[in-house]
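Each remark here refers to the structure printed beneath this line.
The values are calculated or read from the model by the stated rules, or taken from the named source; none is laboratory data. Quantities reported herein were computed from a predicted structural model and do not represent experimental measurements. Here the Cβ is made from the backbone with ideal geometry for all residues, glycine too, and neighbour counts use every protein chain on show.
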């Protein structure tokens, strides 16, 4: 006993912690392994019996995870594009070419103190940013990104989109009312008035598309635009496109129609009293909403996942790596080494300033870039959903770029001009579009 006590007293504090924790961890690990072994079979049986539940869990997880890089990418676009439009370089320090700057901005917002001012209605003040963020995320569920690549293809998907989009203003009203701040309340009242004004032309602008398609399923609307770019709804509904895009700018609270958070007038509007993670929810929701409006514009008027032209070369790459057998292990192990060395040789031989290690590092990076590019090219030629996803994302981010450029181009309008434009111009134009479409369809149907 004395020898044990002497040995214990000679140990450092980390060694004592490790000596006590290691057996405990081994016991807990054994118990966890046993529990997993006993629960795996019943869990698999439960999942097999409830495929709809599994699909919902996977779809919800993917939708939530997809919003994070979407917001970061749009923030980076704003930083870079607006800088170039102002003849500046933009971020070029954090990450290669400044590509990690938006991630740092997002993490900075989340790391700040989450302060709750005095006098606020704490439960409503806390729930409001979550409500705004969830309303934006739930709109993702019905956006068809490619054939079969949609979280939920409702028969009334378009109606669902407008119903969920209308919940966004509820969260803004909650934030402004609960903040106990006059600027926040003004921003909330503006949000409510703007939503009431622009929801009507936004909804009516797509009635012409519904008349032509005969359905509110977004997947069916995209399928009816298949063919070439001449079959897209943009040629059949040009006025509807203009109304939808302008009203969408107002719904997304973007410049020049961002009256709910006009910095020069009401500080930050509904978000004046927010900080930290709760402000981050508003911050993320705004940028995700920009992508949602852009994606819906592509789906309704620009063919969605359909390519603007037929692929001219019918290519069928039938690759079966399993046919190599054990040779696949040899190829997988040898190809990276040979590829790295071959790509590093020109840099190593061409410049005396580059060391052997630097040349190998450059070769390794280039090899991985080529492998990823080759894999994406093979997937693009082999799978229809990859082609559809490519065109859908290309069209969506083209409209995102328009949103970003508008922020650096147009001045903010006055609030009375904002409201008057909706009621005096957009609403009559949307009604005119409906009547013109209905008359044209009736005439063509009777011929």
Can you find a residue in region 394-417 that is touching a strand residue (DSSP E or B) at 6+ places or on another chain (Cβ under 7 Å) and at negative phi? no
Criterion (more than 26 Å from residue 420 (Cβ to Cβ), at pLDDT below 85 and buried (at least 21 other Cβ atoms within 10 Å of the Cβ)) met by exactly one of 178, 191, 195: 178
Out of 391, 348, sole residue that is modelled with pLDDT under 80 and surrounded by 17 or more Cβ atoms within 10 Å (Cβ to Cβ): 348
Count of region 79-98 residues which are modelled with pLDDT under 80 and buried (at least 16 other Cβ atoms within 10 Å of the Cβ): 3
Quick test for you: out of 106, 148, 157, 166, pick the one residue that is loosely packed, with under 14 Cβ neighbours inside 10 Å, touching a residue at least 12 places away in the same chain (Cβ under 8 Å) and either within 21 Å of residue 294 (Cβ to Cβ) or assigned by TED's automatic domain parsing to the domain that holds residue 288 (or both). 148
Here is a list of conditions, (1) modelled with pLDDT of 70 or more; (2) assigned to a helix (DSSP H, G or I), and residue 35 meets all of them except one; can you say which number that is? (1)
Does residue 135 meet the test of being surrounded by fewer than 23 Cβ atoms within 10 Å (Cβ to Cβ) and within 23 Å of residue 298 (Cβ to Cβ)? yes
